[in-house]
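Asker: My questions all concern the structure below.
The values are calculated or read from the model by the stated rules, or taken from the named source; none is laboratory data. Bear in mind the structure is a predicted one, so any value in this text is a computation, not a measurement. When we count neighbours, we look across all protein chains shown, and the Cβ atoms used for this are built from the backbone with ideal geometry, even at glycine.
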Amino acid sequence: MAATMKKTVAAEDVNVTFEDQQKINKFARNTNRMTELKDEIEAKKKSLQNLEDASDDLMMFEDDSLLVPYQIGDVFISHTQEETQEMLDAAKTALQEEIKELEGRVSAIQEVLGDLKVQLYAKFGNNINLEADES
């Protein structure tokens, strides 16, 4: 029993070096950045869904001579149905590219976090909690 007590005490007395603190700080910054990127991805996916809905609704118009208002900044400009469809397609393509780029950045951050987890858990074991609370 004395042997197990010494192991427990030794495990709790791990010194945190400056480099360890830097790794912990880097982990926290990257975790926050990843959360922000995921929120941004969700917002862009909602915008993409709105554009797809608008495109679908535009296809239901039977009269090609109608001018369709399209918002550019704070102003609505009327275009033909075909021009509006082209603008919607261009906007959807741009959003899809932005989402793809953001997802790539999230993947890169996840790799960094995985490496940091391995290093920090190797040194601190159960004395450190790097898992995100999903509440």
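Asker: What pairs come out if I take residues in region 105-125 that are among the charged types (D, E, K, R) and pair them with residues that are part of a helix (DSSP H, G or I) whose C-beta lies under 8 Å away, six or more apart or interchain?
Answerer: If the second residue must be part of a helix (DSSP H, G or I), the pairs left are Arg105/Leu37; Lys117/Phe27; Lys123/Asp20.
Asker: Residue pairs, Cβ under 7 Å, 6 or more apart or interchain, first in region 20-38 and at positive phi and assigned to a helix (DSSP H, G or I), second among the charged types (D, E, K, R) and surrounded by 13 or more Cβ atoms within 10 Å (Cβ to Cβ). List them.
Answerer: From residues that are at positive phi and assigned to a helix (DSSP H, G or I), there are no pairs.
Asker: If you don't mind, there's one more thing I want to ask. Among Gly114, Gly73, which is the only one that is at positive phi and not hydroxyl-bearing (Ser, Thr, Tyr)?
Answerer: Gly73
Asker: Find the residue count for region 9-56, including only residues that are among the basic types (Lys, Arg) and either over 19 Å from the mean Cα position of the chain (by Cα) or at pLDDT below 95 (or both).
Answerer: The total comes to 1.
Asker: Quick check on my filter: what residues within region 51-71 are over 20 Å from Gln96 (Cβ atoms) and surrounded by 10 or more Cβ atoms within 10 Å (Cβ to Cβ)?
Answerer: Hits for region 51-71 are Phe61, Leu66, Leu67, Val68, Pro69.
Asker: Of the residues Asp53, Asp57, Asp64, only one is within 26 Å of Asp39 (Cα to Cα) and either assigned to a helix (DSSP H, G or I) or not aliphatic (A, V, I, L, M) (or both); which?
Answerer: Asp53
Asker: Would you point out the residue of region 100-135, among those that are modelled with pLDDT of 90 or more and among the basic types (Lys, Arg), that is surrounded by the fewest Cβ atoms within 10 Å (Cβ to Cβ)?
Answerer: In this case the residue turns out to be Lys100.
Asker: While we're looking at this one, here's another question. From the residues in region 58-88 that are small (Gly, Ala, Ser) and more than 30 Å from the chain's Cα centre (by Cα), which one is modelled with the lowest pLDDT?
Answerer: Among those that are small (Gly, Ala, Ser) and more than 30 Å from the chain's Cα centre (by Cα), it is Ser65.
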